[in-house]
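K.L.:
The structure under discussion is supplied below as structure tokens; questions concerning it will follow.
No value in this document is a laboratory result; all are computed from the given coordinates. Note that the structure is a prediction, hence the values are computed from the model and not measured. Here the Cβ positions follow ideal geometry from the backbone for every residue, glycine too, while neighbour counts run over all protein chains shown.
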Amino acid sequence: MTKDFTETVTRQGAWSFVATGKGYYQPGKLLCCVENTGNGYIARFPGQTSMRQDHYVCLDYAQAVDLIQGLSMFKKELGFA
């Protein structure tokens, strides 16, 4: 992660959205959306070109917690305080 780029994160009900922000070629372009399905989460990463398909990650609530805990060990590398 570089400080020259920012992302915006918003939430609307059971959905959250991560979009490009300052520094990106196309600010506002969707990077990821996450839905709380009531049984867990489905994250969709849109294919950014015609040659790349969308990528999905499905997690139940326990898996999502475990993933956040695991990734928290990399928070400095990921650009979080």
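K.L.:
Among (i) 1.49; (ii) 1.19; (iii) 2.05, find the value of Cα Rg over 2.2 N^0.38 Å that was calculated from the structure presented, and write down its label.
P.N.:
(ii)
K.L.:
Compute the distance in nm between two label points, each set 7 Å from the Cα along the Cα-to-Cβ direction, one at Leu67 and one at Arg11.
P.N.:
With each label placed 7 Å out from Cα toward Cβ, I get 1.7 nm.
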